[in-house]
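J.: My structure is below; once you've seen it, I'll send some questions.
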Amino acid sequence: MSTKKNGIAVAGTVIVDKINEIAAYPAPGELTQIKSLQTAIGGCVPNVALDLKKICPDLSVRAIGRMGNDEEAAYVRNTLEAGGVDTAGLHEAPGERTSFTEVMSSPGGQRTFFTYAGAGGNFGIDDMDYGDILPQMLHLGYFLLLQKVDDGDGLKILQDAKEKGIRTSIDLVSENSDRYSLVIPCLPYTDYLIINELEAGKLAQLEPTNENLEAIARKLKAMGVREKVIIHKPDLAVCLTGETLTVLPSYALPENYIKGTTGAGDAFCAGALLGIYNGWTDEEILS
């Protein structure tokens, strides 16, 4: 493997979302018709990787993950390749199903989710494939959703990346549990922690109010994050580098400009990663 480094690798969760539009959610024993069906890719790897390529088409972006050997895997690979993402790091495991979520969407925006962990639940260090040229940065997500990552492989992946001289970044899923402690051993091997205020509050065990964001960021930095703690929420974002805290409010957008918030965290993460990669100031990263 070459010692040369280039681009960003995004590793972890790969999901196919199957969105079923229904007239109403049925009671037990009842039937309802599916009026339309849409398929979309989701999860950290497809979302962040494609967002990076949309922002900067010339950037080398490699997707790393575990899928089944099925139609869903082909759909993920084809979609990412059409967006210019390197998919050679997506392994297909024979006999396993690609992770998917069945989304039942009824009028009024109500959604019910049924998720199958599938191959993605078995993603671990043995699936890490950087190719011939190491990336300058690795983003690993999502902790608290990938069983092997949570059980210790996440730490091994980050340790291995640091030994190879790769800058590391992680994010989590928002979960109402006490499992956030699983992430703490990984922080000393994490250069950039990019999470929302709910995840940050759970991790630091502090109420995620605007008044507490500085204390949360400083506590997370003290817990081992090497370079930057970045916390985003709908109305503002903060970035702590060393002892310097940068706070930037969200843009004031026209009414009805935002069509939805699905994937918003991944989009913010992609922007922050690109800013870090390009050496932008903290204010530029947050904007």
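J.: Hey, got the dipole for the chain? About the Cα centre, +1 on K and R Cβ, -1 on D and E Cβ, debye to the nearest 20? Working shown, then result.
T.: Details: 25 positive and 39 negative charges, 60 e Å.
Once rounded to the nearest 20, the dipole reads 280 debye.
J.: Additional query: Report the one residue of 265, 249, 223 whose Cα lies farthest in the direction of the positive end of the charge dipole of the stretch 219-270 (charges on C-beta: Lys and Arg +1, Asp and Glu -1; origin at the Cα centre).
T.: The residue sitting farthest along the positive end of the dipole is 223.
J.: I would also like to ask the following. Could you identify which residue out of 108, 68, 120 has the top mean-square fluctuation in a GNM of the chain using Cα springs shorter than 10 Å?
T.: 108
J.: What percent of all Cα-Cα pairs in the stretch 1-66 falls in each 10 Å bin, counting up from 0?
T.: Bin by bin from 0 Å, the calculated values are 18, 31, 23, 16, 8, 4, 0.
J.: Highest GNM mean-square fluctuation, the chain, Cα pairs closer than 10 Å: which of 174, 105, 60?
T.: So, out of 174, 105, 60, the one fluctuating most is 105.
J.: Can you send over the carbon and sulfur percentage of the accessible area for the stretch 94-160, probe radius 1.4 Å, protein chains only? Please report the intermediate quantities before stating the final value.
T.: Numbers: 1480 of 3000 Å².
On the stretch 94-160, the fraction of accessible area on carbon and sulfur atoms equals 50 percent.
J.: Okay, helix-only estimate at 222 nm for the chain: each DSSP H run of n ≥ 4 adds -39500 (n - 2.57), divide by all residues, round to 500 deg cm²/dmol; what do you get? Intermediate results must be reported in sequence, preceding the final value.
T.: Numbers: 7 runs with 71 residues, N = 287.
The helix contribution divided over the chain gives -7500 deg cm²/dmol.
J.: Evaluate the relative contact order of the chain (contact order divided by residue number), counting alpha-carbon pairs under 8 angstrom at least 6 apart; express in whole percent. Can you show the working numbers first?
T.: Details: 597 pairs, mean separation 45.2, N = 287.
16 percent.
J.: Among the GluC sites (Glu not before Pro) within the stretch 1-86, which fall in a DSSP loop and have no more than 16 other Cβ atoms within 10 Å of their own Cβ? Don't skip to the answer; put the middle values down first.
T.: On the way: sites: 21, 30, 71, 72, 81; in loops: 30.
Answer in residue order: 30.
J.: Placing unit charges on C-beta atoms (Lys and Arg positive, Asp and Glu negative, everything else neutral), compute the dipole magnitude of the stretch 202-287 about its Cα centre in debye, rounded to 20.
T.: On the way: 8 positive and 11 negative charges, 69 e Å.
With only Lys, Arg, Asp and Glu charged at Cβ, the dipole is about 320 debye.
J.: Would you mind finding the longest exposed-site-free stretch of the chain, with exposed trypsin sites (Lys or Arg not before Pro) meaning DSSP loop and at most 16 other Cβ atoms within 10 Å?
T.: On the way: sites that count: 164, 226, 259.
Excluding the exposed sites themselves, the longest stretch runs over 1-163.
J.: Oh, and also: Among 216, 157, 55, which one moves the most in a GNM of the chain with springs linking Cα atoms closer than 10 Å?
T.: Greatest mean-square fluctuation among the candidates belongs to 55.
J.: How large is the accessible surface per residue of the chain, computed with a 1.4 Å probe and reported in Å² as a whole number? Intermediate results must be reported in sequence, preceding the final value.
T.: Values: 13850 Å² over 287 residues.
Value returned for the chain: 48 Å² of accessible area per residue.
J.: Mind checking the dipole of the stretch 55-199: about its Cα centre, +1 per Lys or Arg Cβ, -1 per Asp or Glu Cβ, Debye to the nearest 20? Walk me through the numbers before you get to the answer.
T.: Working: 11 positive and 24 negative charges, 34 e Å.
My answer is approximately 160 debye.
J.: Would you give the gap between the C-alpha center of the stretch 120-190 and the C-alpha center of the stretch 218-271, rounded to a whole Å?
T.: Rounded to whole Å, the Cα centres lie 20 Å apart.
J.: Need one value: the accessible area of residue 58 in square angstrom, 1.4 angstrom probe, rounded to the nearest 10.
T.: Around 150 Å² of this residue is reachable by solvent.
J.: In addition: Alpha carbons only, please: Rg and Dmax for the chain, in angstrom.
T.: 19.0, 60
J.: Oh, and also: What's the longest bit of the chain with no exposed chymotrypsin sites (Phe, Trp or Tyr not before Pro), using DSSP loop states and at most 11 other Cβ atoms within 10 Å as the test? Intermediate results must be reported in sequence, preceding the final value.
T.: Details: sites that count: 251, 257.
Between exposed loop sites, the widest span is 1-250.
The values are calculated or read from the model by the stated rules, or taken from the named source; none is laboratory data. Treat the numbers as computed from the prediction; the structure is a model and nothing was measured. Cβ: placed from backbone, ideal geometry, glycine included. Neighbour counts: every protein chain shown. The accessibility values were calculated without ligands, DNA or RNA, using every heavy atom of the protein model including side chains. Shrake-Rupley method; radii C 1.70, N 1.55, O 1.52, S 1.80 Å.
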